[in-house]
Amino acid sequence: MGNTNVNTTPASEIEELAAKDQKHVWHHLTQHKGFETTTPMMMVSGEGLRITDDKGKEYLDAVAGAVWTVNVGYGRERIAKAVYEQIKTMNFFAGSMGSAPGAQFAEMLIDKMPGMNRVYYSNSGSEANEKAFKMVRQISHNKYDGKKHKILFRERDYHGTTITALSATGQLQRKDQYGPFTPGFVEFPHCCEYRSQFEDTTDYGVKAALEMEKVILAEGPDTVGAVIVEPITAGGGVITPPVGYYEKIQELCKKYNLLLIVDEVVCGLGRTGTWFGYQHFGIKPDIVTMAKGVASGYAAISCTVTTEEVFNMFKEDPSDNMSYFRDISTFGGCTAGPAAAIENMKIIEEENLLENVTKMGEYAMDRMLALKEKHAMIGDVRGKGLFLGIELVKDRETKEPMDESVSVAIAADCMKNGVIIGRTNRSFATLNNTLCLAPALIATKDDIDEIMDAIDAAITRLS
């Protein structure tokens, strides 16, 4: 696959450096107190799907860098060289000027997104979504006297870590203690058929979408300017949309003149077997955001992509120096990010990774269905491509969710045995019960078997 591990630091030196340097680095994904007496883990090298810690132990990474990012795998020397050559030639100039890699990648990107025409760069998924929200608000002021400013978001979806991105996040534990939040963000119900809010699940997708219409009508259609969704809900439990759901959402957006924002931060750039998750469902968004897999973590980059129609809304009155989109991002698009993104996209194309994701995703789903048959604690398996979830329950009949401690124990057992899997955590009061899998797009059948065997063994030991 063209992967090269370029680390040459002796293991003993790595361990010494880790012990020294980690004393002053707080790890924000877990409680801090324990690190006063214990040195946290440190990963020091990677190749393909394998990563190695500072003690020399190797792991199969089934979550692409813990947060679904390293899509083309570790150790891609050609990406590192492309970034090096670019920043040696021209490392930075503010977004008031263009850059060669920024222009090149924008052209490559919109070629994969029929109907989308304009690319705005920033550094993270949170920032990409902030850009989208600012667009909605500015359009509201320019066209609707500021009234059509509300943005709907879906229960269980996640859109970022800033205060405004959290304002649009449907995960209560993620938001806890960070309010008060930005006003004008309104939640509508989830679309998880396994956790249906209706006794009769006939035409569930349409019914779930119509719940959004109820919120629009309650708020007043003349006050709602946009809706943001993840094509597949990620941290909220890897929730694939039911049949007919997005078609109805699109219909409602047209009916009430809402901009449809699709957050592809996790699904984008091949994770589900198409370039973007929304492309499975035949919808035409107005704004698409992306980050993580855009450069597979080799450099920081995110994009907010719009239609020409949205772009034109910011040039309707060229005499008004406040009417254009005035957002800025110091490092957005300058220049390592686009350079890495160009090579990342070339690798996906040259190695036919979209096709591999589809094949390996189908194989992984077959393995998960077999696990469900074997283990009573597995209530549901779902996903698309190499973005997969296993929901754990205490009782299949009642669907009572398994305690979070069980998914913690399963993940710990897998890690002890050399496989790193993900799980929903600190998102909900009672629904942190889904194991999450998102290996790099280069995964093979042997990799999938190793992941599934580790989960199988862990559940068996804990049952």
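Once fully extended, how much extra length lies between LYS254 and TYR363, figured as 0.36 nm per residue of separation less the alpha-carbon to alpha-carbon distance? Could you put the intermediate results ahead of the total?
Values: separation 109, 0.36 × 109 = 39.24 nm, distance 3.76 nm.
Net length gain for the segment: 35.5 nm.
Take the Cα of ALA218, go 7 Å toward its beta carbon, and the backbone nitrogen atoms of the stretch 149-170 under 15 Å from that spot belong to 151-156.
The modelled label-to-label distance between GLN31 and LEU462, using points 7 Å beyond Cα along the C-beta direction, is 1.8 nm. Label sites at GLU187 and GLU308, each approximated as a point 7 angstrom past Cα along Cα to Cβ, lie 4.0 nm apart.
Taken about its Cα centre, the stretch 405-462 carries a charge dipole of about 360 debye when Lys and Arg each add +1 at the Cβ and Asp and Glu each add -1 at the Cβ. Simple point charges give the picture: +1 on the Cβ of Lys and Arg, -1 on the Cβ of Asp and Glu, and for the chain a dipole about the Cα centre of about 680 debye. With unit charges on the beta carbons (Lys and Arg positive, Asp and Glu negative) and the dipole taken about the Cα centre of the chain, which residue among PRO318, LEU210, MET43 sits farthest to the positive side? Final value for the positive-end residue is PRO318. Near ILE51: Cβ cut-off under 10 Å, other residues only, Lys/Arg at +1 and Asp/Glu at -1. The net charge is -2. Please check which bits of the stretch 279-317 a label hung off ASN117 would reach, taking the label as a point 7 Å along Cα-to-C-beta and the cut-off as backbone N under 12 Å. Once the point is set 7 Å along Cα→Cβ of ASN117, 306-315 turn out to lie under 12 Å by backbone N, inside the stretch 279-317.
With the Cα gyration tensor of the stretch 274-365 giving a ≥ b ≥ c as the square roots of its eigenvalues, does the rule (a/c under 1.5 for rounded; else a/b larger than b/c for prolate; else oblate) give rounded, prolate or oblate?
On the way: a/c = 3.39, a/b = 1.70, b/c = 1.99.
It comes out oblate by the Cα gyration axes.
Helix-derived [θ] at 222 nm for the chain: sum -39500 (n - 2.57) over DSSP H runs of at least 4, divide by residue count, nearest 500?
Working: 13 runs with 166 residues, N = 463.
The per-residue figure over the chain is -11500 deg cm²/dmol.
Remark: the LYS57-ASN417 segment gains 128.6 nm on full extension, using 0.36 nm per residue and subtracting the alpha carbon distance. Once both labels are positioned 7 Å from their Cα atoms along Cα-to-Cβ, the gap between LEU172 and HIS141 label points is 3.5 nm. In the chain, taking the dipole from charged Cβ atoms about the Cα centre, the farthest positive-side position among ILE342, THR240, VAL419 is held by ILE342. Solvent exposure of the chain amounts to 45 Å² per residue of accessible area, where only protein heavy atoms count and the probe is 1.4 Å.
Surface composition of the chain: carbon plus sulfur atoms hold 53% of the accessible area, using a 1.4 angstrom probe and ignoring ligands, DNA and RNA.
I want to make sure I understand the PRE zone here: with the label point 7 angstrom from the Cα of ALA94 toward its beta carbon, which residues in the stretch 312-337 have backbone N atoms less than 15 Å away? Residues 326-334 qualify, since their backbone N sits under 15 Å from the label point. Accessible area of MET41 (1.4 Å probe, protein heavy atoms only, ligands and nucleic acids ignored): about 90 Å².
The values are calculated or read from the model by the stated rules, or taken from the named source; none is laboratory data. None of the values given here were measured: they were computed from a predicted structure. Note that we place each Cβ from the backbone using ideal geometry, even for glycine, and neighbour counts take in every protein chain shown. Surface areas here come from the heavy atoms of the whole protein model, side chains and all, with no ligands, DNA or RNA. Shrake-Rupley method; radii C 1.70, N 1.55, O 1.52, S 1.80 Å.
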